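Before any comments, here is the structure.
Each reported figure results from applying straightforward, stated rules to the coordinates on display, with no laboratory input. Note that the structure is a prediction, hence the values are computed from the model and not measured. Cβ placement follows ideal geometry from the backbone for every residue including glycine, while neighbour counts extend to all protein chains displayed.
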Amino acid sequence: MTTERTTGQGPLTGVRVVELAGIGPGPFAGMLLADLGADVVRVDRPGGASLGIDPARDVTNRNKRSVVIDLKAPDGPARVLDLASRADVLIEGNRPGVAERLGVGPADCHARNPRLVYGRMTGWGQQGPLADRAGHDVSYIALTGALSMIGDPGRPPPAPANLLGDYAGGSLYLVVGVLAALHHARENGVGQVVDAAIVDGVAHLSAMIHGMLAAGGWQDRRGANLLDGGCPYYGTYETADGGHMAVGALEPQFYDAFVDLLGLEDFRDARRDWTRWGELREAVAARFKARTRAEWTTVFDGSDACVAPVLSLREAPRHPHLAARGTFADHGGITQPAPAPRFSATPTALRTGPALPGAHTREIARDWDIPELVTDPEQPSPNTASRGD
């Protein structure tokens, strides 16, 4: 991997974070904190926590540094507590009670550092009948009702990757909680535990829908509402070449532009007439099926009809708007999303590539003043080719 470093640091420069290695939402939360400028030290376990990909390409470990500590070794917990004593934040994603059994739970850490923000990332939370049960993204969004809103009403709900549960309802809520608790700790000198449960976060994301449900503006079944594909001018349509176009022409002025560009002026009054929605959907589908995705992209280009082509992961970085904004970046030969959001005074950057396990032990020991971290005198220097940045 490249050793290129950039000068951008971000608004969290100076904040120290310990991340106990895991998979899924924990590493993503650590990446977000690192992207924002925090010094994130990932504590990898011997053998690693594999996603089945080359660690050098696991971009959720970018902008971080890594040490390898065996928490089951006699001196393992002490090494983690040494890090925690010098950190502002620690995040972990074990099942409830595991960190305590390993000797690095909140009480152990707060005994060494009362100001520490201890972030806990789980699916079910720290308490409740399911707290000790295994689960994955699809399990959590199923139980919260979110999954029931997705997909064709005539088919089982599809698994929408793991963006909704793991990352939106999990990682982002953990980061929001950690930053709020960090602000409190700096104002009051008192750390605390942040219990970020994916079920809580996903449920919270559906607040507007629950309000609409209570007001009678949402039916508790998918494919029957304004935002779930039930509305013919909010959804997706297939094109002649097997591509798709996404339509979001909700407001009257956007809808008018939409039907005009489709050549369906006769349906201008069908927007609020539910009895004509079936007829409208068929007409829209037939129009889109008559041309290719590229042709329809040209038709709607420059309009306010709220219509966009559905791009693949490989196509998205090449879209002119995303390219102009630098929404994606190439770092170390890997095309990946650039840090977000953006800051006028403290810009962020892709500073380093994925941290390889244990590649930064000596420099972390030096920077955090913990010489005990270096236990193997033969361990290669972080300046060698073994570095993960």
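A few points about this structure:
- Residue among 33, 313, 163 with the largest mean-square fluctuation in a Gaussian network model of the chain, springs linking Cα atoms under 10 Å: 313
- Per the Debye calculation on the chain with a single equal scatterer at every Cα and no solvent contribution, log₁₀ I(q)/I(0) for q = 0.07 Å⁻¹ amounts to -0.41.
- Per-pair calculated FRET efficiency, R0 = 30 Å: residue 208 and residue 335 via Cβ, rounded to 0.05: 0.35
- Residues whose placed amide H lies under 5 Å from that of residue 229, excluding near-sequence neighbours: none
- Label zone of residue 301 (point 7 Å out along Cα→Cβ, amide N under 19 Å): in region 309-334 this covers 309-312, 315-326.
- Ellipsoid semi-axes in whole angstrom, largest first, where each is sqrt(5λ) of the Cα gyration tensor of region 234-318: 22, 14, 11
- Prolate/oblate/rounded label for region 153-210 (Cα gyration tensor, a/c 1.5): prolate
- For a paramagnetic label modelled on residue 136 (point 7 Å from Cα along Cα→Cβ), amide N atoms under 13 Å away belong, within region 152-187, to 159-163, 166.
- Per-residue Karplus couplings for region 245-257, computed as 6.51 cos²θ - 1.76 cosθ + 1.60 with θ equal to phi - 60°, are listed in order as 10, 9, 10, x, 8, 6, 6, x, 5, 6, 5, 4, 5 Hz, Gly and Pro entered as x.
- For region 359-373, 3J(HN,Hα) per residue [Karplus equation, 6.51 cos²θ - 1.76 cosθ + 1.60, θ = phi - 60°, Hz, x = Gly/Pro]: 6, 10, 4, 5, 6, 5, 4, 6, 5, 9, 6, 10, x, 5, 4
- For residue 348, nonlocal amide neighbours, meaning residues 5 or more places apart or on other chains whose placed amide H falls under 5 Å from its own, are 343.
- Length added when fully stretched, residue 72-residue 184, from 0.36 nm per residue minus Cα-Cα: 37.0 nm
- Couplings 3J(HN,Hα) of region 213-228, computed from phi: 4, 5, 8, x, x, 9, 8, 7, 7, 7, x, 10, 10, 4, 10, 10 Hz, in residue order, whole Hz [Karplus 6.51 cos²θ - 1.76 cosθ + 1.60, θ = phi - 60°; x for Gly and Pro].
- A helix-only calculation puts the chain at -8500 deg cm²/dmol for mean residue ellipticity at 222 nm, using -39500 (n - 2.57) for each DSSP H run of at least four residues, averaged over all residues.
- Label sites at residue 161 and residue 127, each approximated as a point 7 angstrom past Cα along Cα to Cβ, lie 3.6 nm apart.
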